[in-house]
Each structure stands twice: as structure tokens, then as C-alpha cells.
Amino acid sequence: MFGKAVNYELIWDFTVSAAVDESQQWILSAMQRHGQGLVTILWRILGNEQDVCDAYQNTFLQLAHYKGRQKPEHMKAYIFRVASNTAVSMLKHRAAEKKRLSTAIVTREGAISPENELDCKYLQETLRCHIAQLPEYLRNVVMLRDLGELSYAQVGRILDISAATARVYRCKAIQLLAVWMGKEREER
Amino acid sequence: MSINKNKGTTLKSQNGSSNKCRRIRAWLHKAVISRFHIDAEWVQNHIANCPRCNRRFVNVAKVNLALSAIKSQPHKLDLLMRANTQAIGVLKHGLREAPKAEKLRAMLPEPKPLEKCGKYAHSTANVAACIAILLLMKIGIFSSMDTFQTQGQKAVEQYYASQLGEDLADEVFSA
């Protein structure tokens, strides 16, 4: 009797795990479908390959544990938002670390000279830092539109706003970024 | 009946007013664009002479430059493969061992279908243009030949009719 019960339990466990495995196959499908786009956007936000891999892993880990392992209703929107949020928090963390180090050790190399003002790497890093500081509603649009290269309609669908609103937010974000880039130049 | 008539007139007037509204909007847009567009002469002159506008434009250009630099920065070809491998590594056993996971571990970035077709776009456009020209030529030549033939025949018939008379001309051309 006891043996039978154990057997039933084993069968039950097997069927449950098979069902869960079957149901979570969509994670791999999502990875196949949106992986390339995600890597591109993460690379553009972070600019560091190891950070990209970490943020990517974190995104799919969160997807696997979403609301009792259920499939999100809007998969693309969920994945892109989680990925961009993860990337931004990594970027903020990186900026804070950089600031802490730069106050501790002030080197001559750290000072920005006029000749490297148009240095691409410097420009990219500055812009990344400023994007991370943007208000969330503006930052999301810039990330999806400019770094993810999605259309305004797609951005609107992901953020649950209209395409026209996305366009206005993007314009505001660029203006704000321009002001910040200008301020930095004046401060120097 | 009168109600229907009224409805008809109301609809007509609504259509008329919406058309008018559309026309006015188009006219306004055109007027605004011609006066306040970035390429308008007075705007260009102002930007050239106003230091504040200069600064603003420089800053916006800097943002655009940085965005372009970020977009054009290449990454290693195997980044997607490595990211997939790392992400699959933390998923549960059933997913890690799935055949799809194997494929994902070896996945390389592929250009979008539009980008793939992009290199053929120029030659496709050329071929399409050639076909269109050929078709137009063919249609045009044949139709003009037909017209020329019928017009010529009519002229000759008329000449014969005037010179020999209707009966003889009919006999000649009906044979």
C-alpha cells in the first residue's frame, strides 16, 4: 500500500514537472525571438559585454519567476522594460562607483581637456550617465526609441502611451540631455 | 421623406464643413511651415547671430553625435551566444536540456529580413524600372500603331470616296 502511494507520488511529481517544463518552453521561445534586440539595446545602454550578459541573465531569470511562473500577457513589453530597468540600475551603480573613486583619487588624467571634448568614448559615457539620470518616463522613451531603434508605435505599445506622446517625450528628453551636456561643458 | 431629405442635407453640410476644415488646416500648416521652419531665412540668420541659440544647437548636435556613436559602436559577434549561454545556465534543468536551448547556445546575430533584402533593393528597383519602361513602350507602340493604321485607312477611304464616288470606294475597300 505504502509502495503504491510512493509510486503514485512519483508519477504525480513527474507529470507536474513535465507540465511546468512544457509550459515554460515559452522562455526559450522568447529568448529566440527577442534575444538579439535585447542584446543590442543592452549593449548600447551599458557598453560593456560582461554587464550585458549579466543584465540579460537577470531579465530572463525575472521572466522565469514572473507571478508564479506564468507567461506575461505582453511578453515583449515586459522583457524590454525589465532589461532597460536592470541596465539603468547597473549604470547608476557604475556612475556612483566612478564618482566615489574620482573623489578619492583626483588624477591629472581625470581632468577633461578641450581636445578630448569630441572624444567618442567620453561623449558616449557622458550621455549614458545623463540618460540614467533622466526621469523614468523620458528615459524609457529614449532607450526604446534611440537605443532599441523601435518605432514610435512600438514604443507607445510597450509603455502604454500613444505614439504622439512618445514623440513629445523623446523631444523633451533630447532637450534636457542637451541642456545637461551644455552645463557640463560650462562647468569644465 | 422630409426627415431623410434633412438628414441628407445635414450630412452634405457636415462633409462640406469637414472638407473646409481640412483645407484650412492644410493652409495653416503650410503658412506656419513657410514662416517658422528651421530652414526659413530669418530663422537661419537669427541662429547664426544669436549666441544662446548657437549654444543650444551645439548641445543638441552633441547629443545626436553621442547617440550615433553609441549606435555605431560594434560588439563581438559571439555576444548573443554568450548571453544566451549565461541566461540558460540559471534556468531550471528541463529548460537547460531542451533541444531549443542547444540552438540558442550556438545562436549568432542575423541581419533583419529588410536589411538582408537591402543589398538587392537597388538592382530590384532597376529591373522593375526596366520592365515598366518595356511595358509602357510595348503598350504605347502597339496602340499608336493601331491608331495610325485606322486613321490612315480612313483617310484613304475618304480620298477614294471623294475622287471615285462612294460606291466604287466601298467596292474597293470591302474586297
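From the residues in the range A:36-66 that are facing chain B (nearest Cβ under 10 Å) and of a type in the set (Asp, Glu), which one is surrounded by the fewest Cβ atoms within 10 Å (Cβ to Cβ)?
A:GLU49
Kindly evaluate B:PRO109 against the criterion of being within 10 Å of another protein chain (Cβ to nearest Cβ), free of Cβ contacts under 8 Å to residues at least 40 places away in the same chain and not acidic (Asp, Glu).
On the way: within 10 Å of another protein chain (Cβ to nearest Cβ): yes; free of Cβ contacts under 8 Å to residues at least 40 places away in the same chain: yes; not acidic (Asp, Glu): yes.
Yes: the conditions hold for B:PRO109.
Condition test on A:ARG33, is it closer than 16 Å to B:LEU80 by Cβ, surrounded by 19 or more Cβ atoms within 10 Å (Cβ to Cβ) and either facing another protein chain (nearest Cβ under 10 Å) or over 12 Å from the mean Cα position of the chain (by Cα) (or both)? First the steps, then the outcome.
On the way: closer than 16 Å to B:LEU80 by Cβ: yes; surrounded by 19 or more Cβ atoms within 10 Å (Cβ to Cβ): no; either facing another protein chain (nearest Cβ under 10 Å) or over 12 Å from the mean Cα position of the chain (by Cα) (or both): yes.
No; evaluated as a whole, the condition is false for this residue.
Kindly establish whether B:LYS100 is touching an Asp or Glu at 6+ places or on another chain (Cβ under 9 Å) and either under 27 Å from A:GLN175 (Cα atoms) or of a type outside the set (Gly, Ala, Ser) (or both). Write out each step before concluding.
On the way: touching an Asp or Glu at 6+ places or on another chain (Cβ under 9 Å): no; either under 27 Å from A:GLN175 (Cα atoms) or of a type outside the set (Gly, Ala, Ser) (or both): yes.
So B:LYS100 does not fit the description; no.
Restricting attention to the range A:91-109, does a residue exist that is out of contact with any Ser or Thr (no Cβ under 7 Å at 6 or more places or on another chain), within 13 Å of another protein chain (Cβ to nearest Cβ), buried (at least 17 other Cβ atoms within 10 Å of the Cβ) and modelled with pLDDT of 85 or more?
First, the residues of the range A:91-109 that are out of contact with any Ser or Thr (no Cβ under 7 Å at 6 or more places or on another chain): A:91-109.
Those left that are additionally within 13 Å of another protein chain (Cβ to nearest Cβ): A:91.
If we keep only those that are buried (at least 17 other Cβ atoms within 10 Å of the Cβ) too, we end up with A:91.
Still in the list and also modelled with pLDDT of 85 or more: A:91.
There is at least one residue in the range A:91-109 that is out of contact with any Ser or Thr (no Cβ under 7 Å at 6 or more places or on another chain), within 13 Å of another protein chain (Cβ to nearest Cβ), buried (at least 17 other Cβ atoms within 10 Å of the Cβ) and modelled with pLDDT of 85 or more.
Provide a single number: the residues in the range A:135-155 that are closer than 13 Å to A:ALA87 by Cβ and part of a loop (DSSP other than H, G, I, E, B).
1
Within the group B:VAL156, B:VAL63, which residue is within 14 Å of chain A (Cβ to nearest Cβ), surrounded by 11 or more Cβ atoms within 10 Å (Cβ to Cβ) and of a type outside the set (Lys, Arg)? Lay out the reasoning, then the answer.
On the way: B:VAL156 fails: within 14 Å of chain A (Cβ to nearest Cβ).
Result: B:VAL63 is the single residue among B:VAL156, B:VAL63 that is within 14 Å of chain A (Cβ to nearest Cβ), surrounded by 11 or more Cβ atoms within 10 Å (Cβ to Cβ) and of a type outside the set (Lys, Arg).
Which condition number does B:MET81 fail, the rest of (1) at the interface with another protein chain (Cβ under 7 Å from one of its Cβ atoms); (2) part of a helix (DSSP H, G or I) being met?
Looking at each condition in turn, B:MET81 falls short on (1).
The values are calculated or read from the model by the stated rules, or taken from the named source; none is laboratory data. Predicted model, so just to flag it, every value in this text is computed and none were measured. Heads up, the Cβs are rebuilt from the backbone with ideal geometry, glycines too, and the neighbour counts pull from every protein chain shown.
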